[in-house]
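Scroll down for the structure; my scribbles are underneath it.
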């Protein structure tokens with residue numbers, strides 16, 4: 001998706017309301033582009049009258065922000081102790097193999113981003129994969145295949 005100065009300006013106009021304007025603007029920009037484009041950070045700082053270093057500090061401090069483009073669908077694999085002993089390394093391996101990427105990467109078509117997390121707090125359901133905010137518990141390599149098939153099927157129907 002190409003970066004549009006007018007879209008970024010519209011987002012900043014909607015979100016820049018007093019304290020917390022920077023974080024609100026960055027959240028909205030990321031929701032729109034699925035990451036924080038450098039142009040957006042620069043424009044946001046110019047509009048809010050703050051140094052670029054301040055926006056960069058916020059964007060790199062919070063894990064919710066990304067400076068790299070993300071896929072349309074984000075897959076988070078829990079690698080916490082409970083999930084790990086129940087097989088999350090095998091689940092992660094299957095996802096990496098099927099998607100052709102390593103954890104922390106995005107597919108070339110920007111359809112999937114694969115990430116690991118330390119704990120999702122749902123240990124009894126481990127191993128867990130969270131896809132676009134939806135939890136899938138007791139995940140196995142075979143269930144990974146079904147999960148990806150369902151996402152791909154839904155994409156084809158759009």
Item to check | Rg/Rg_ref, the chain, where Rg_ref = 2.2 N^0.38 Å and atoms are Cα | outcome: 1.18
Checklist outcome for this item: The helix 88-99 Cα axis meets the longest alpha-carbon principal axis of the chain at an angle in degrees, between 0 and 90 and rounded to 10, of 70
Next on the checklist: Neighbour counts of other C-beta atoms within 10 Å: give me 144, 130 arranged from fewest to most.
Outcome noted: 130, 144
Checklist entry - Taking other Cβ within 10 Å of each residue's Cβ, how do 44, 116, 106, 60 sort, fewest first? => result 60, 116, 106, 44
Checklist entry - By counting other Cβ atoms within 10 Å of each Cβ, how are 79, 139, 50 ranked from fewest to most? => result 50, 79, 139
Checklist entry - To the nearest whole percent, what portion of all C-alpha pairs in segment 73-157 is separated by more than 21 angstrom? => result 20
Next on the checklist: Calculate the FRET efficiency for residue 57 and residue 31 from the Cβ-Cβ distance with a Förster distance of 22 Å, rounded to the nearest 0.05.
Outcome noted: 0.60
Checklist outcome for this item: With Cα coordinates, the longest principal axis of the chain makes an angle with the long axis of helix 38-48, in degrees rounded to 10, of 40
Checklist entry - Can you give the % of DSSP beta bridges in segment 1-120 that are antiparallel, to the nearest 5? => result 25
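Nearest 5 percent is fine: what portion of the DSSP beta bridges confined to segment 55-158 is antiparallel?
Of those bridges, close to 55 percent are antiparallel.
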Item to check | Using alpha-carbon coordinates, inclination of helix 5-15 to the longest axis of the chain, degrees | outcome: 90
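Values quoted throughout were computed directly from the atomic coordinates according to the rules given, and no laboratory measurement underlies them. Computed from a prediction, not measured in an experiment: that's the story for all the values here. Note that we place each Cβ from the backbone using ideal geometry, even for glycine, and neighbour counts take in every protein chain shown.
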